[in-house]
Amino acid sequence: MNNSEKLDKVLERLEKLHEIFPKLERIQKKLKISTESNKETTITDYVSSVRSYEKFAIEELGLQKITIQNQKSAIMGYLKHANGNINKETAKSYLDSNESHSWKSNQIKALRRYLRDFLKLGPWIEEFGFSKARIKLKEIPSDEQLAQFCVLLPYQTQMIFLTMMNSGLRIGEVLSLKLSDIDLEKNMIDASNIHKGSTKSSWISFITKQASEFLESYLTTSEINCEDENSKLFSISARSVQQAFKNVSEQMGVSINPHLLRTVFTEKCSLAKIQDKYINAFCGRVSNSVLAKNYTDYSPNALKKQYEKVEPYLSFPFS
């Protein structure tokens, strides 16, 4: 065999190797095999590392700002706890430092992104699974308790409380409402344009005549520019609302948070014998594709007829 033939053989084998390597990588990923399974490292400059992760999360992962902010807090907490020594032992120690199921789940999500995806330390962080929280039965407050709670809130938060309680909308959706989204003559809220490109959805809901009158009074006395339809209906943050709820809960000795109001709303709808599909539409639990295919069922007029059934259950006994 001459040199030319030997070279051809070598090139032929190299080509076969190039074909084999991608297949091996696919098999490796499918079976979750990694050559980096036990990597560890030490971080000395916490701030610089977290800042670099933030850039990575924006550019490579495409995460939302609020998600990144929460992850940065979790990552910094872990680095401080571990004194910068990143390994299985410090990760376990950190995750065992708090018994809250939701806290642990949030930390694991952040650490998986940071350790596995950003630092490329392998998949060992996946060994720490999400713990299942015990289901707690929610205690629904009485109408009298809800009314008293509402009265004790700051004025603007009272209006947010009533809007959430009457519509079934999420706190973020209510705080995103513009003047153009609410029709006080029809007592209707159009939240269909709030979640642009999001996995969540929202549709049409309503408020009671009682809540509409309170909102109308609020608009006439607030500093909102009512001539500008793009003006926000409310001007405070979700955190401020949650803190106000917490303060009044402690004052009254009850536990009421913004999310509970959605539960109260659905309970009232069930009492009014409204079908689940309509309750889900009010609460934004119906996908846009389903809404589009079944518009007749979910039109404003159709939903208004359903809402009229629950309205008597939503009026508060304010003294």
- Can you give the charge dipole size of segment 179-319 about its Cα centre, rounded to the nearest 20 debye, using +1 on the beta carbon of Lys and Arg and -1 on the beta carbon of Asp and Glu? 740 debye
- Message: Once R0 is set to 35 Å, what does the formula 1/(1 + (r/R0)^6) return for the Cβ-Cβ distance between residue 100 and residue 315, expressed as a FRET efficiency to the nearest 0.05?
- Response: 0.40
- Within segment 153-175, what residues put their amide N at less than 13 Å from the label point 7 Å along the Cα-to-Cβ vector of residue 228? none
- Residue (of 217, 287, 205) at the positive-pole extreme of segment 143-314, dipole from beta-carbon charges: 287
- Item | Segments 202-208, 277-283, 60-66 sorted - mean Cβ within 10 Å per residue, highest first | 202-208, 277-283, 60-66
- When 194, 171 are ranked with the fewest other C-beta atoms within 10 Å first, the list becomes 171, 194
- Identify the trypsin sites (Lys or Arg not before Pro) of segment 154-257 meeting these criteria: DSSP loop state and at most 16 other C-beta atoms within 10 Å of the C-beta. 186, 196, 200
- Residue-span extension gain [residue 219 to residue 304] - 0.36 nm each, minus C-alpha spacing: 28.2 nm
- Tell me, Kirkwood radius of segment 143-314 from alpha-carbon pair distances, in Å? 16.4 Å
- Would you mind computing Rg(Cα) / (2.2 N^0.38 Å) for segment 194-282, counting N as its residues? 1.32
- Task: Go ahead and collect, in residue order, the members of segment 149-173 whose backbone nitrogen is under 12 Å from a label point 7 Å along the Cα-Cβ direction of residue 259.
- Result: 171
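A short reminder: the numbers here are calculations on the coordinates, not readings from a lab. All of these numbers come straight from a predicted model, not from anything done at the bench. Cβ atoms come from the backbone with ideal geometry, glycine included; neighbour counts cover every protein chain shown.
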